[in-house]
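Chemist: Let me begin by handing over the structure; questions about it come next.
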Amino acid sequence: MSDNSSRSLHWFRNDLRLDDNPALSKSLEYAQTVPVYIIDEHFWTNDKWGHVKTGPFRSCFLFESIIDLKNEIEKLGGSLLIRQGKPSEILPSLMEQFSCNTLVAQSEHATEEIEIENIVEKAVHDIGGKCYWIEGHTLYHPDDVFNLFKEIPDIFTQFRKSLESKCIVRDCIASPLKINCPDNLTSDDIPDLNTFLSHSGQKTPCLDKRSSFPFKGGLTQARKRLKHYFWDKHHLSLYKKTRNQLTGIDFSSKLSPWLAHGCISPRRIRSEVKRYENLYKPNESTYWLVFELIWRDYFRFISMKYGSRIFYHNGIKSKTNLSNQNMSSFELWKNGKTNDSFVNANMNELLKTGYMSNRGRQNVASYLVHDLGVDWRLGASWFEHLLLDYDVASNTGNWIYIAGVGNDPRANRKFDTIRQAKIYDGKNTYQNLWGADIT
Ligand SMILES: Cc1cc2nc3c(=O)[nH]c(=O)nc-3n(C[C@H](O)[C@H](O)[C@H](O)COP(=O)(O)OP(=O)(O)OC[C@H]3O[C@@H](n4cnc5c(N)ncnc54)[C@H](O)[C@@H]3O)c2cc1C
């Protein structure tokens, strides 16, 4: 147990929730906590391909999530500071201002995020403070996974089977009942989104009525979505049959944007699946949702295993015959103007809504790399800019998998997009919905 007479600074990162939040729970072991979210402008700068890292859809979702988090913290008697700038400058200064000797935050695992952690850690040490980086992103706890494997297998099935048979998912941590903050702490207002986005040349997005994801950010919305999908409509029990569809809000869980921002934990989703299975009955579909969460874990553990290698052009393989950086083909793909109407419809949906189905993502990614011969990293960068559910490990892991430089045991996973369109969009419903208004 930590020193109960002192204060912690809780830095919310991709853990924008109160329920099952191990880092928050560590912070709350202290007598008082100062919760803060930092809008780090680094994530609104251009990447090396010229795309603003965080586009309008995800910015909007993030701001909604922060507002909801603040409201929920206030209901428990606390406050949320919202600051804009560099974590390595803001955090030590807040620790001094509020006499916090400890910083607690959720660990991240990708190169940029680890660099930020290292700089923050040094700045906190320089003022005599200490940091705790707590795991909270995955379904299986990294300590348990690394106890099981000397090395994470490069084949998903091996990873999954061992986990399922030898590893347990730790229990969820209940939401706190109260958040004790220093008396003089008052919440900040979030910056105006329009003004904030204008600094990176972006605008607040409008909702497209055709969107498969007409939802808002935040832990409250995540809970509502889960309730709707599992308990009210029982879509969970059909998930495996519907998950490859393309249109509508209920063909898949749509939990990914909330998971990516940490508005809900994968453990909570799994525990609700188990509760559902106990009340009704387990079937292939209820199992499959958890199976997909293991894919999410897998790509995270692969990113931990390979570090920055996952971002290399040849990924984790030693392949040399690689695709190029043909910018004109890439521009056609980005704007849904290729010769393939199925690919175009998917790219149009992404451009207008920030969401695309898994089936769509596989097809457009394969088309970019294998049909147009373009470097997968350009596609991944465009996805990073637009996706509501962008998650560095899931995005990169899936892209390198499809590009043939990741964890696919088969050498060349090329999707026949014409055939795929016939199977999944036989009546052109999807292409008619998203194909007509490409500008
Ligand atoms: C090229 C490409 C890029 C992708 N980029 C991302 C990304 O940045 N962020 C992201 O969350 N997913 C990504 N995915 C995986 C997948 O497409 C989305 O997770 C899924 O479409 C989200 O919708 P859903 O929540 O309704 O999924 P559901 O089908 O309901 O699945 C439930 C959950 O399982 C997880 N999941 C499902 N499929 C995958 C998968 N293939 N890889 C990892 N996790 C999975 C997600 O967390 C998802 O929310 C990508 C897939 C491809 C092919």
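The values are calculated or read from the model by the stated rules, or taken from the named source; none is laboratory data. Worth saying up front: this structure is predicted, and the values here are computed from it rather than measured. Reconstructed Cβ throughout: ideal geometry from the backbone, glycine too, with neighbour counts over all protein chains shown. Side chains are part of the model used for accessible areas, which takes the heavy atoms of the whole protein and leaves out ligands, DNA and RNA. Shrake-Rupley method; radii C 1.70, N 1.55, O 1.52, S 1.80 Å.
Chemist: Restricting attention to segment 331-364, report how many residues are assigned to a helix (DSSP H, G or I), surrounded by 23 or more Cβ atoms within 10 Å (Cβ to Cβ) and either near the ligand (Cβ under 10 Å from one of its atoms) or among the hydroxyl-bearing types (Ser, Thr, Tyr) (or both).
Modeler: Selection size over segment 331-364: 3.
Chemist: Being touching a His at 6+ places or on another chain (Cβ under 7 Å) and open to solvent by 30 Å² or more (accessible area, probe 1.4 Å) narrows it down to one residue among Arg170, Arg210; which is it?
Modeler: Arg170
Chemist: Among the numbered criteria (1) part of a helix (DSSP H, G or I); (2) more than 30 Å from Gly78 (Cα to Cα), which one does Lys209 miss?
Modeler: All conditions pass for Lys209, except number (1).
Chemist: Could I ask something else about it? Which one of these is in a helix (DSSP H, G or I), open to solvent by 10 Å² or more (accessible area, probe 1.4 Å) and basic (Lys, Arg): Arg419, Arg413?
Modeler: Only one candidate passes the filter, namely Arg419.
Chemist: Check off (1) touching a residue at least 40 places away in the same chain (Cβ under 8 Å); (2) more than 25 Å from Met356 (Cα to Cα) for Phe61 and give me the number that stays unchecked.
Modeler: Only one criterion is unmet by Phe61, namely (2).
Chemist: If you check Arg309, Arg268, Arg275, Arg300, which single one turns out to be touching a Pro at 6+ places or on another chain (Cβ under 9 Å), assigned to a helix (DSSP H, G or I) and either over 17 Å from Asn363 (Cα atoms) or within 16 Å of the ligand (Cβ to nearest atom) (or both)?
Modeler: Result of the check over Arg309, Arg268, Arg275, Arg300: Arg300.
Chemist: Looking at (1) of a type in the set (A, V, I, L, M); (2) buried (at least 17 other Cβ atoms within 10 Å of the Cβ); (3) more than 11 Å from the ligand (Cβ to nearest atom), which one does Met327 not meet, given that it meets all the others?
Modeler: Unmet condition: (2).
Chemist: From the list Glu151, Glu121, Glu115, which residue is over 23 Å from the mean Cα position of the chain (by Cα), open to solvent by 70 Å² or more (accessible area, probe 1.4 Å) and not assigned by TED's automatic domain parsing to the domain that holds Pro409?
Modeler: Only one candidate passes the filter, namely Glu151.
Chemist: In addition: Give just the number: which of (1) touching a Lys or Arg at 6+ places or on another chain (Cβ under 8 Å); (2) in the same structural domain as Asn278 (by TED's automatic domain parsing); (3) crowded, with 17+ Cβ neighbours inside 10 Å does His235 not satisfy?
Modeler: Failed condition: (1).
Chemist: Tally time: how many residues in segment 370-393 are part of a helix (DSSP H, G or I), open to solvent by 30 Å² or more (accessible area, probe 1.4 Å) and near the ligand (Cβ under 8 Å from one of its atoms)?
Modeler: 1
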